[in-house]
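Structure, as structure tokens:
Bear in mind these aren't lab numbers, they're just calculated from the coordinates by the rules spelled out. The shown structure was predicted, so the numbers you read here are calculated from the model rather than taken from an experiment. Neighbour counts are summed over all protein chains in view; Cβ atoms, including those assigned to glycine, are modelled from backbone coordinates with ideal geometry.
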Amino acid sequence: MNFYLRKLTTRHLSVSLPFGVCNISNVACRSCFSYFSTLSSDFRFESPQNCVNVAGDSDINVVLARINPGSSEAEVVQSLLSDPDCDSIKITDNFVGRVLYRFKDDWKSALGVFRWAQSRPDYKPSPELYDKLVDILGKMKKMEKMHSLIDEMHAGHLISLNTIAKVMRRFAGAGEWKEAVRTFDELGKFGLEKNTESMNLLLDTLCKENRVQQAREIFYELKLHIPPNANTFNIFIHGWCKANRVEEAYWTIQEMKGSGCCPCVISYSTIIKSYCQQFNFQKVYELLDEMQGQGCLPNVVTFTTIMCFLKKSGAFEEALKIAERMKSVGCKPDTLFYNALIHTLGVAHRLQEATRVLKVEMPRNGVQPNTSTYNTIIAMFCHHLQEERALEFLRDLESSPVCKPDVQSYFPLLKLWFKVGKSDEFLKILVNDIVNKHHLSLDLSSYALLIHGLCRANKCEWAYLIFEDMIRQEITPRYKTCSVLLQEVKKKNMYDAADRIELFMKKMKTA
């Protein structure tokens, strides 16, 4: 056991830090189709995922067709080696990378395909592909396999700091944080340096996995021979805030200054966001003043965060004053800020001012709206039962040269029309616009909204057709949706439909 681990006590191992963190840069980007029903919920965002389109790639489809679900690594390799069609495939890094993406949740198939590609005499996988496979094995907690692959990479001099970062993060994510530390301790074995960059990777890994106390103990040892930089302290600021220990985060800013590093807007904004989450706006304003006193001006993300949480607290007028404070320091608004401003105005029932922001203020300042901007306006007018105004902005969005509608652009109108009992013709036109005119795919929430709405409107025949369409699209309805539809079709004596739904619900329970 290395000397960092010996410094950590059993008391440290029992620390439980359950609090999560959201990305402050995305606070204002939240879709508003459930505009007023979500005002009391937390801001949560999904990180954007990289999408790989495998449709239409015949070589990839050949490989996918040869792999049976549940096959072992050896079976995958043998299946591909014994197929003449696979022999004719030209193997490239791009091809292997796309197949690995397809099997990112199936380590046996991913490893099997990698070994098959590796067996071709004219192909040698790149270090980046090895890193992807390391990440897949680590994600699936196949640590022995991951270790073996690391040994193979080491023999081929393929290990980089990026590889080590993936290994440490997967160990920490699996709860094996000591192994993450040991990996750092063995950097020299791989020809890599223990320096500020690699130290920050380790500390960031531990802090993100709620091991900030352990990270702190390790840092005290490492800083004796590795100099920290501003990023080192920002990692701890984020870690303490994630653990809801904002006072330690603020103390870290003081320590940062003592080490000769200047706190930046990220340092202060992270702590400001934590105080916002506590609705401690007195501390928020104190920090804003401190920032300006230090010559570190808050940015648009800082102000957007404050506005959103003031709105969430119900302090609408105070939230709207943030726009003036922002102007006073010369900070220019962006699309996300304006989205938050429009949302705040809408919640404060100041519809005319919200409309003016989109129609006048944004063009005047050269800021382009996005789909979320229009979705917020549409939802706002639907909430106030102003259907024609909502439709006006929907048509503006449909014809916009800079952004196009998504499925959620239509949700408020669908909900409104179900609420007021619009005719089938209106609903059919709107659904047709979604699917055929704009080629948008209905997702689980879309289908659920339609089925529940149609059932409440006593149109269960149509709701059942939508249920059947879900099944054809291989989208599994929620159990509650099935239960609601089942009750309605039974009332209409639709026995075949009821049998079909009941059978599907039984399969859901046994799956």
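Condition first: within 27 Å of the chain's Cα centre (by Cα) and in a helix (DSSP H, G or I). Now tell me which residues in the stretch 326-344 satisfy that.
The first filter runs over the stretch 326-344 and keeps only residues within 27 Å of the chain's Cα centre (by Cα), leaving 332-344.
Hits for the stretch 326-344 are THR335, LEU336, PHE337, TYR338, ASN339, ALA340, LEU341, ILE342, HIS343, THR344.
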Q.
Residues that are crowded, with 17+ Cβ neighbours inside 10 Å and closer than 19 Å to TYR374 by Cα: does the stretch 444-460 have at least one?
A. yes
Q) Say we look at the stretch 365-399 and pick out the residues that are among the hydroxyl-bearing types (Ser, Thr, Tyr) and surrounded by 14 or more Cβ atoms within 10 Å (Cβ to Cβ); which of these is nearest to LEU416 (Cα to Cα)? A) THR376
Q) Taking the stated definitions as given, is MET362 out of contact with any Cys (no Cβ under 9 Å at 6 or more places or on another chain), of a type outside the set (Lys, Arg), in a helix (DSSP H, G or I) and surrounded by 15 or more Cβ atoms within 10 Å (Cβ to Cβ)? A) yes
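Just to be sure, is THR355 surrounded by 15 or more Cβ atoms within 10 Å (Cβ to Cβ), free of Cβ contacts under 8 Å to residues at least 60 places away in the same chain and more than 22 Å from ASN432 (Cα to Cα)?
yes
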Q) Which of (1) within 19 Å of LYS283 (Cα to Cα); (2) part of a helix (DSSP H, G or I); (3) without any contact (Cβ under 8 Å) to a residue 24 or more places away in the chain does GLY314 not meet, given it meets every other one? A) (2)
Q) Name the residues in the stretch 312-363 that are closer than 14 Å to VAL300 by Cα and touching a Gly at 6+ places or on another chain (Cβ under 7 Å), would you? A) none
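Please pick out the residue among HIS157, HIS147 that is assigned to a helix (DSSP H, G or I) and either surrounded by fewer than 18 Cβ atoms within 10 Å (Cβ to Cβ) or in contact with a Lys or Arg (Cβ under 6 Å, 6 or more places away or on another chain) (or both). Even if it seems obvious, please write down each step before you answer.
Working: HIS157 fails: assigned to a helix (DSSP H, G or I).
The unique qualifying residue is HIS147.
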(Q) Out of the residues in the stretch 434-443 meeting the condition of being touching a Leu at 6+ places or on another chain (Cβ under 9 Å) and part of a helix (DSSP H, G or I), tell me which one is farthest from GLU387 (Cα to Cα). (A) VAL435
Q) Which of the residues belonging to the stretch 233-250 are more than 22 Å from GLU197 (Cβ to Cβ) and polar (S, T, N, Q)? A) ASN244
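Would a scan of the stretch 469-480 turn up a residue that is outside any helix (DSSP H, G or I), under 30 Å from the mean Cα position of the chain (by Cα) and of a type in the set (Ser, Thr, Tyr)? Reasoning before the result, please.
Step one: list which residues in the stretch 469-480 are outside any helix (DSSP H, G or I), which gives 473-478.
Those left that are additionally under 30 Å from the mean Cα position of the chain (by Cα): 473-478.
Add one more test, that the residue is of a type in the set (Ser, Thr, Tyr), and what stays is 476.
Yes, there is a match, as at least one residue in the stretch 469-480 is outside any helix (DSSP H, G or I), under 30 Å from the mean Cα position of the chain (by Cα) and of a type in the set (Ser, Thr, Tyr).
Could you check the stretch 427-456 and list, in sequence order, the residues that are closer than 28 Å to LYS490 by Cβ and not aliphatic (A, V, I, L, M)?
Narrowing the stretch 427-456 to residues closer than 28 Å to LYS490 by Cβ: 427-428, 431, 442-456.
Within the stretch 427-456, LYS428, ASP443, SER445, SER446, TYR447, HIS452, GLY453, CYS455, ARG456 meet the criteria.
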Q) Does GLU388 fit the bill of being among the acidic types (Asp, Glu), without any contact (Cβ under 8 Å) to a residue 12 or more places away in the chain and assigned to a helix (DSSP H, G or I)? A) yes
Q: Only residues that are within 23 Å of the chain's Cα centre (by Cα) and β-branched (Val, Ile, Thr): list them for the stretch 398-423, please.
A: VAL407
